[in-house]
Structure formats: structure tokens, C-alpha cells
1. Just checking: which of the helices (runs of 4 or more DSSP H) contained wholly in segment 54-165 hold 2 or more residues that are of a type outside the set (Ser, Thr, Tyr) and open to solvent by less than 80 Å² (accessible area, probe 1.4 Å)?
2. Taking segment 30-53, which residues are open to solvent by 90 Å² or more (accessible area, probe 1.4 Å) and assigned to a strand (DSSP E or B)?
3. Examine segment 89-105 for a residue that is closer than 30 Å to VAL61 by Cα and either touching a residue at least 40 places away in the same chain (Cβ under 8 Å) or of a type in the set (Ser, Thr, Tyr) (or both), and state whether such a residue exists.
Amino acid sequence: MSDRADKSDMQSALSELSADLQDQDENYVVCPYDKVHRILPSRLALHLIRCARNNASIKLVRCPFNTTHMLKPDELQEHVASCDFRKVYARFKHADMLPPTEPTRAPVIDVVDSSENWDEEPPAPTYDPQAYCVRNPVIRYMHGGSASQRRDFRNSERIRLNKFK
């Protein structure tokens with residue numbers, strides 16, 4: 001009896017696995033150059049470029065409405081007549097001939113009355129970092145200048161910083 005139970009458990013596990021694999025297959029697209037290649041639709045365009053380079057002997061042409069549609073040259077006219085993306089292209093190309101769409105209404109926003117008006121605030125003086133450093137005990141360094149100018153600056157800084165002691 002245990003053999004039968006083990007077999008049924010194994011069969012149920014295999015059926016679940018095959019169902020999962022079939023679900024995964026629905027998410028993939030088959031490459032027109034090599035039927036073994038299965039690609040996510042979001043990566044198909046990049047894959048087609050690489051696969052076309054690797055399979056230069058296979059001559060396929062692109063659909064004018066969707067670049068991921070690759071076909072044999074003799075199938076192109078039939079595909080162009082029935083391509084689903086033809087409608088999208090026609091809608092894009094002749095957008096001015098389409099009936100006007102009803103404008104969407106903007107959401108109504110409640111305006112809250114307030115006595116605060118930022119334009120009437122008193123003007124504040126702008127911040128001047130150089131003036132702040134001169135008035136406070138901040139160590140400054142002179143960038144550039146000649147050696148004599150840097151020496152004079154260091155001497156004046158020593159005098160300025162000693163005033164704060």
C-alpha cells in the first residue's frame with residue numbers, strides 16, 4: 001500500500017509541476033529565428049537584434065507596425081493586412097480625423113480661506129556667509145593669492161581671532 005501512496009504523491013507533484021511550467025510558458029514568447037529560444041516579451045526586441053546577428057542566414061523581414069513581428073518575406077503582405085497593430089498605427093497617424101474625445105473634468109479642489117499671506121511678510125535680509133565668518137570665531141583660509149598676500153591674510157586672521165578670546 002505504501003508503494004501506491006508514494007506513486008500517487010509523486011504523480012500529483014509531477015502534475016503540479018507541469019501545470020506550473022505551463023503557466024510559465026504563457027509568459028514567454030518564442031523567437032522567430034530559433035524555436036528553442038523562449039523570451040519574456042519585454043526583452044524580445046533586444047533578443048531579436050542579437051539573434052538576427054547570430055542567424056544571418058535566416059532572412060526575415062520586420063512588420064512595419066510592430067518591430068517584434070519577424071516574418072518570412074512571402075508572408076509579409078498577408079500579415080500586414082491582418083496585423084493587430086495596424087489599427088494602433090492608423091489611429092496614431094490620423095489622430096486629427098478621429099472624433100473628438102470628451103474633455104476630462106478636473107477634480108474640484110476645496111480652497112481653504114486663510115489670513116496668512118506670504119507676500120505680505122516682512123522682508124528678511126539675505127544670508128552672507130562671508131560677513132558671518134568675519135563677525136564670529138570661524139577659522140578661514142585664503143585660497144589662491146601670492147605668498148605675501150597669504151601671509152598678510154594669516155596675520156590679519158590671528159589678530160581677528162585673538163579679539164574673540
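1. Output list reads 76-82, 129-135, 147-162.
2. Answer for segment 30-53, where residues must be open to solvent by 90 Å² or more (accessible area, probe 1.4 Å) and assigned to a strand (DSSP E or B): just ARG38.
3. Here is the first cut: in segment 89-105, the residues closer than 30 Å to VAL61 by Cα are 89-95.
Right, trim to either touching a residue at least 40 places away in the same chain (Cβ under 8 Å) or of a type in the set (Ser, Thr, Tyr) (or both) and you get 89.
Yes, segment 89-105 contains at least one residue that is closer than 30 Å to VAL61 by Cα and either touching a residue at least 40 places away in the same chain (Cβ under 8 Å) or of a type in the set (Ser, Thr, Tyr) (or both).
The values are calculated or read from the model by the stated rules, or taken from the named source; none is laboratory data. These numbers come from a predicted model, not from an experiment. Neighbour counts are summed over all protein chains in view; Cβ atoms, including those assigned to glycine, are modelled from backbone coordinates with ideal geometry. With ligands, DNA and RNA removed, areas are computed over all heavy atoms of the protein, side chains included. Shrake-Rupley method; radii C 1.70, N 1.55, O 1.52, S 1.80 Å.
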